[in-house]
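Reading through the structure tokens given below for one structure.
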Amino acid sequence: MNSRQTITFFTIILVAILAAFIVWPRVAMTQQDEAPQKKQQTPTIDEYQPKSTLVTKEHKIDRAKFPFIDIHSHHWNPTPEEVDRLVKEMDAINLRVMVNLSGGEREKN
């Protein structure tokens, strides 16, 4: 190919590309306008009912494998009976230490 043919070839290619960029958005808009408009409305938080796709076997754990500490709990003025029940429940799940953050005041003598 001589230089004149090369310039002509690339000019034709360039014109074709520019024409495509000019015509293509109009064609896309026309096709979009012709498509039936199915307006999808966003559901409200009350209407939103997602379907879970997570499927797994349940593996219920009743007792921790290793002893653990609960660093934030509240027990307002527990009676001795409530403390005994709480200690039994702690032993059942392997809870060794519980930090009671309920606060309170000492009784004044």
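List of remarks:
- Residue (of Ala64, Pro50, Trp76) at the positive-pole extreme of segment 45-109, dipole from beta-carbon charges: Ala64
- Ordered by solvent-accessible area of protein heavy atoms (1.4 Å probe), largest first, the residues Asp70, Asp84 come out as Asp84, Asp70.
- Subtracting the Cα-Cα distance of Val87 and Ser73 from 0.36 nm times their residue separation leaves 3.7 nm of extension gain.
- Reachable lysines, given that their alpha-carbon falls under 23 Å from the alpha-carbon of Lys39 and they are not under 8 places away in the same chain: Lys51
- When the residues Glu82, Glu47 are ordered by accessible surface, computed with a 1.4 Å probe over the protein chains alone, the sequence from largest down reads Glu47, Glu82.
- Mean shadow area of segment 44-109 over all directions, Cα convex hull, nm²: 9.1 nm²
The values are calculated or read from the model by the stated rules, or taken from the named source; none is laboratory data. Nothing here was measured: the structure is a model prediction, and the numbers come from that model. Positions of Cβ are backbone-derived with ideal geometry, glycine not excepted, and every protein chain shown enters the neighbour counts. Protein only, heavy atoms only, side chains kept; ligands, DNA and RNA dropped before computing areas. Shrake-Rupley method; radii C 1.70, N 1.55, O 1.52, S 1.80 Å.
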